[in-house]
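The structure under discussion appears below in the form of structure tokens.
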Amino acid sequence: MTYRKLCLLALVAAGLALSACKRDAAPAAGPAIPEDETADQFIARVNDEIREMYPELTASQWLSSTYINDDSQLLAAKGNERWLTQLNAWIDQARRFEGQKMSPATARAINLLKLSTAMPAPKDPARLAELTRIATKMEGMYGSGAYCVGEGDAERCRQLGELEDVLRRSRDYDQQLDAWRGWHSIAQPMRNDYVRFVELVNEGARDMGFADAGEMWRSGYDMSPAEIAAETDRLWGQVKPLYEQLHCYARTRLEAKYPDRGSVEGLLPAHLMGNMWQQDWSNLWDILEPYPNTGSLDVTGALEAQHREGLDKRLAALSGLPEGAERVEIERKAQVDSATAITRRAEDFYTSLGMPALPKPFWQKSMLIKPRDREVVCHASAWPMDMADDVRIKMCIEPTEEDFTTVYHELGHIYYYLAYEDQPPLFQSGAHDGFHEAIGDTIVLAMTPQYLSSIGLVDEQQQSQAGLINSQMRMALAKVAFLPFGLMIDRWRWGVFDGSIAPDEYNSAWWDLKAQYQGVAPATPRGEDFFDPGAKYHVPGNTPYTRYFLSHILQFQFYRALCDASGYDGPLYDCSFYGDEAAGQKFWAMLGKGASQPWQQTLKELTGTETMDASAVLEYFAPLQDWLEDQNEGQACGWPAAAPVAGAGAGTESE
Ligand code: X8Z
Ligand code: ZN
């Protein structure tokens with residue numbers, strides 16, 4: 001597997017650490033290297049060594065993400081240190097073969113080896129160790145971050161989940177602002193660490209022959225770094241008009257809901273979008289639903305009702321109502337029941353396509369709910385622990401639509417791992433990282449209102465224009481709203497890595513990009529005493545983000561191809577291939593290829609084309625786009641491209 005890809009699963013976050021296979025040998029010197037080995041033999045040896053080291057690495061990472069404390073962090077940092085040292089040694093050894101004849105598969109594997117971490121480490125051992133300590137520390141700070149108010153006995157602390165609940169449910173302007181600012185305060189102390197982190201990964205990238213870490217990230221796409229950057233611009237150009245219509249519609253509705261403060265000089269106020277990062281606007285359904293009372297699509301309401309029913313059943317089975325610790329115990333059990341039922345439901349979609357049931361270790365070892373007694377990184381991830389059947393997810397599942405679809409997303413990663421487990425380790429990753437992110441989301445697109453009603457989550461749907469627009473809006477709030485966010489995070493990091501964004505401009509550049517791409521602004525000043533990028537998991541977790549932008553284009557291409565494979569012949573948005581084994585076989589065949597060939601070839605085998613293309617996105621949302629254009633008629637759509645001065649950059653207000 002390429003470790004880079006694992007990050008999507010959280011490991012990359014820490015830079016994927018492998019432990020040394022010989023405990024008592026200094027990994028840099030390592031076991032004796034056969035002097036006369038060929039390039040093919042070298043890659044075979046590296047693959048063997050990875051297989052052997054891997055479980056120890058993932059175990060230390062899993063432990064530190066599911067039980068954050070000083071000890072687990074020490075072990076995770078050390079594990080990473082050993083792995084990155086070993087990786088540097090392998091990359092050094094590979095230099096012997098430069099310019100030599102070798103099989104295309106071996107050349108590909110050597111290239112993947114060089115790109116296998118998102119956290120290139122300096123050769124200098126002290127600075128390498130410093131890097132792994134900082135990375136582990138930042139992820140721990142994010143996982144255990146809490147916003148506290150009051151003092152002494154009156155102190156009340158809330159973590160991300162509770163603060164997100166406020167944005168999800170409250171429509172009180174000030175409560176939302178307080179929750180949004182509260183969460184962002186946890187990132188302020190990360191700023192200096194992040195500055196140092198950037199220096200260290202850049203040194204590592206340069207040691208490997210790249211200009212900087214951003215160029216290294218852009219080198220993993222079977223095309224030049226400049227070409228993939230241009231591809232993302234091209235794809236954004238295709239979907240931008242659709243996003244602008246959605247933005248315009250949302251702004252009009254927000255301005256009506258919050259008179260005089262529903263927008264910030266034409267931009268959407270960051271704290272009012274129902275989501276901490278404004279990447280998914282689904283929670284604003286109450287404000288943005290096009291046709292209220294037209295067949296309910298309230299999946300969260302249905303999941304909550306199922307959860308309450310489960311709890312009531314457990315309580316009814318007891319004699320008398322439990323109190324105190326006993327009551328808490330019952331509530332925990334009901335929470336596990338609900339999370340397990342959601343995960344079983346997602347598994348059922350995959351098995352309906354002919355894919356295997358999830359292996360036993362998945363059910364024994366996954367973390368499905370937030371533990372009460374320790375700090376964990378709640379951000380969802382999927383883990384291949386041993387390159388075989390020990391696959392797990394780590395989530396803090398709540399009965400909400402967002403978590404429901406995230407479980408389907410995570411199982412996409414899990415089924416990818418299972419499908420490519422027979423590939424050599426260096427090919428055990430996605431065709432590119434956007435592919436890995438797109439698998440589960442392709443399934444989410446197939447979760448049509450008809451599918452949701454077939455599993456009892458929404459009422460039977462009447463066919464009508466209003467119902468169609470409602471269901472398109474539901475999908476657009478998740479998928480279209482995401483697109484500019486998927487792009488701007490790495491626009492910021494590419495700039496940070498190449499030095500065009502200096503440390504004393506981190507926050508202002510962040511809000512300029514938020515304004516430019518998303519048309520979003522903070523309602524109160526966010527000067528350089530803040531470090532708002534650090535409040536998004538993937539920044540302290542060091543997970544590249546362009547993958548999600550690409551995934552949000554690719555998943556529509558995959559979806560269209562699988563609909564075609566199932567023999568479907570209607571409007572794209574109405575297709576569900578649930579239960580279709582022909583579609584399943586085609587999908588599984590693609591997953592099984594892993595990274596063994598250029599992604600263009602893999603894409604061609606599934607979709608018939610070698611290019612990423614947003615035409616399927618536009619085809620899918622054509623009815624909504626027409627409707628939005630109608631709704632927005634007469635409005636001055638669009639927004640100023642820079643952050644308003646009052647909103648970002650200039651202010652120095654602190655909390
Ligand atoms: O991080 C994730 C997944 C794990 S790979 C939960 N996602 C991005 C995010 O939450 O920011 C999925 C969509 C975008
Ligand atoms: Zn993912």
**Complete:** Residues of the stretch 52-77 being in contact with a Pro (Cβ under 9 Å, 6 or more places away or on another chain), crowded, with 18+ Cβ neighbours inside 10 Å and not polar (S, T, N, Q), in sequence order, are 54
**Request:** Please work out which residue is nearest to residue 338 (Cα to Cα), limiting yourself to the stretch 390-409 and to residues that are within 15 Å of ligand 2 (Cβ to nearest atom) and open to solvent by 10 Å² or more (accessible area, probe 1.4 Å).
**Result:** 403
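So which residues in the stretch 587-605 are crowded, with 21+ Cβ neighbours inside 10 Å and not polar (S, T, N, Q)? Lay out the reasoning, then the answer.
Initial filter on the stretch 587-605 (crowded, with 21+ Cβ neighbours inside 10 Å): 587, 590-591, 594-595, 599, 602-603.
Within the stretch 587-605, 587, 590, 591, 594, 595, 599, 603 qualify.
For residue 314, are the conditions met, namely being within 32 Å of the chain's Cα centre (by Cα), farther than 18 Å from residue 452 by Cβ and open to solvent by 40 Å² or more (accessible area, probe 1.4 Å)?
Numbers: within 32 Å of the chain's Cα centre (by Cα): no; farther than 18 Å from residue 452 by Cβ: yes; open to solvent by 40 Å² or more (accessible area, probe 1.4 Å): yes.
No.
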**Asked** What are the residues in the stretch 316-331 that are modelled with pLDDT under 95, closer than 23 Å to residue 372 by Cα and either touching a helix residue (DSSP H, G or I) at 6+ places or on another chain (Cβ under 8 Å) or small (Gly, Ala, Ser) (or both), if any?
**Response** 321, 322, 324, 325
**Request:** Considering every residue within the stretch 78-94, establish whether at least one is assigned to a loop (DSSP other than H, G, I, E, B), open to solvent by 70 Å² or more (accessible area, probe 1.4 Å) and not hydrophobic (A, V, I, L, M, F, W, C).
**Result:** no
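Evaluate the following for residue 277: is it open to solvent by less than 60 Å² (accessible area, probe 1.4 Å), among the aromatic types (Phe, Trp, Tyr) and part of a loop (DSSP other than H, G, I, E, B)? Don't jump to the end; show me each part of the working.
On the way: open to solvent by less than 60 Å² (accessible area, probe 1.4 Å): yes; among the aromatic types (Phe, Trp, Tyr): yes; part of a loop (DSSP other than H, G, I, E, B): yes.
Criteria met by residue 277.
Residues checked against (1) hydrophobic (A, V, I, L, M, F, W, C); (2) in contact with a helix residue (DSSP H, G or I) (Cβ under 6 Å, 6 or more places away or on another chain); (3) closer than 21 Å to residue 459 by Cβ:
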| residue | (1), (2), (3) |
| --- | --- |
| 269 | no, no, no |
| 281 | yes, yes, no |
| 286 | no, no, yes |
| 291 | no, yes, yes |
| 295 | no, yes, yes |
| 299 | yes, yes, yes |
| 306 | no, no, yes |
| 314 | no, yes, no |
**Fill in**
Given (1) part of a helix (DSSP H, G or I); (2) over 24 Å from residue 63 (Cα atoms), residue 148 misses just (1)
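Return the total of residues in the stretch 29-48 being in a helix (DSSP H, G or I) and surrounded by fewer than 19 Cβ atoms within 10 Å (Cβ to Cβ).
6
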**Prompt:** For the stretch 48-60, what are the residues that are at pLDDT below 95 and either closer than 17 Å to residue 136 by Cα or touching a strand residue (DSSP E or B) at 6+ places or on another chain (Cβ under 9 Å) (or both)?
**Reply:** 54, 56, 57
**Prompt:** Out of all the residues in the stretch 560-573, is one or more in contact (Cβ under 8 Å) with a residue 60 or more places away in the chain, open to solvent by less than 10 Å² (accessible area, probe 1.4 Å) and more than 28 Å from residue 240 (Cα to Cα)?
**Reply:** no
**Prompt:** Given the conditions (1) at pLDDT 50 or above; (2) touching an Asp or Glu at 6+ places or on another chain (Cβ under 8 Å); (3) in a helix (DSSP H, G or I), and given that residue 63 satisfies all but one, which numbered condition is not satisfied?
**Reply:** (2)
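Quick one: would you say residue 430 is more than 28 Å from residue 283 (Cβ to Cβ), open to solvent by less than 10 Å² (accessible area, probe 1.4 Å) and modelled with pLDDT of 95 or more? Can you show your working first?
Details: more than 28 Å from residue 283 (Cβ to Cβ): yes; open to solvent by less than 10 Å² (accessible area, probe 1.4 Å): yes; modelled with pLDDT of 95 or more: yes.
The answer is yes for residue 430.
For the stretch 12-28, does any single residue satisfy the condition of being open to solvent by less than 50 Å² (accessible area, probe 1.4 Å), farther than 16 Å from residue 132 by Cβ, of a type outside the set (Phe, Trp, Tyr) and modelled with pLDDT of 95 or more?
Initial filter on the stretch 12-28 (open to solvent by less than 50 Å² (accessible area, probe 1.4 Å)): 12-21, 25, 27.
After this cut, where a residue has to be farther than 16 Å from residue 132 by Cβ as well, the list is 21, 25.
This time we only want the ones that are of a type outside the set (Phe, Trp, Tyr), so: 21, 25.
So of that shortlist, the ones also modelled with pLDDT of 95 or more come out as none.
No, the conditions are met nowhere in the stretch 12-28.
So which residues in the stretch 355-405 are of a type in the set (S, T, N, Q), farther than 20 Å from residue 61 by Cβ and within 16 Å of the chain's Cα centre (by Cα)?
405
Across the stretch 231-247, what is the number of residues that are farther than 19 Å from residue 473 by Cβ and open to solvent by less than 60 Å² (accessible area, probe 1.4 Å)?
In the first step, residues of the stretch 231-247 are kept if they are farther than 19 Å from residue 473 by Cβ; the result is 231-238.
When the remaining residues are screened for being open to solvent by less than 60 Å² (accessible area, probe 1.4 Å), the result is 231-232, 235-238.
Of the residues in that region, 6 qualify.
Considering only the stretch 506-538, how many residues are closer than 30 Å to residue 603 by Cβ and away from ligand 2 (no atom under 16 Å from the Cβ)? Before the answer, list the steps.
Residues of the stretch 506-538 closer than 30 Å to residue 603 by Cβ: 513, 516-518, 536-538.
In the following step, the residues that additionally are away from ligand 2 (no atom under 16 Å from the Cβ) were identified as 513, 516-518.
Adding up the residues that qualify gives 4.
For the condition more than 20 Å from residue 378 (Cα to Cα) and under 26 Å from the mean Cα position of the chain (by Cα), what is the one hit in 321, 297?
297
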**Message:** Any residue in the stretch 149-163 that is open to solvent by 70 Å² or more (accessible area, probe 1.4 Å) sitting within a Cβ distance under 8 Å of a residue that is not in a helix (DSSP H, G or I)? List the pairs, counting only those 6 or more apart or interchain.
**Reply:** 155/148; 155/149; 156/148; 156/149; 156/150
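Results for (1) open to solvent by 10 Å² or more (accessible area, probe 1.4 Å); (2) in contact (Cβ under 8 Å) with a residue 60 or more places away in the chain, shown as yes or no for each residue.
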site	(1), (2)
459	yes, yes
463	yes, no
477	no, yes
490	no, yes
494	yes, yes
499	yes, yes
**Asked** Residue check: is residue 361 outside any helix (DSSP H, G or I), more than 16 Å from ligand 2 (Cβ to nearest atom) and open to solvent by 10 Å² or more (accessible area, probe 1.4 Å)?
**Response** no
**Request:** Could you please tell me which pairs satisfy a Cβ distance under 7 Å, a separation of 6+ or placement on different chains, a first residue in the stretch 532-555 that is in a loop (DSSP other than H, G, I, E, B), and a second residue that is open to solvent by less than 10 Å² (accessible area, probe 1.4 Å) and among the charged types (D, E, K, R)?
**Result:** 544/433; 544/490; 545/490
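Condition test on residue 194, is it outside any helix (DSSP H, G or I) and open to solvent by less than 40 Å² (accessible area, probe 1.4 Å)? First the steps, then the outcome.
Working: outside any helix (DSSP H, G or I): no; open to solvent by less than 40 Å² (accessible area, probe 1.4 Å): yes.
So residue 194 fails the test.
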**Message:** Regarding the stretch 251-259, can at least one residue be identified that is open to solvent by 30 Å² or more (accessible area, probe 1.4 Å), closer than 20 Å to residue 518 by Cα and in contact (Cβ under 8 Å) with a residue 60 or more places away in the chain?
**Reply:** yes
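The values are calculated or read from the model by the stated rules, or taken from the named source; none is laboratory data. Nothing here was measured: the structure is a model prediction, and the numbers come from that model. Note that we place each Cβ from the backbone using ideal geometry, even for glycine, and neighbour counts take in every protein chain shown. In case anyone asks, the SASA skips ligands and DNA or RNA and just uses the protein heavy atoms, side chains included. Shrake-Rupley method; radii C 1.70, N 1.55, O 1.52, S 1.80 Å.
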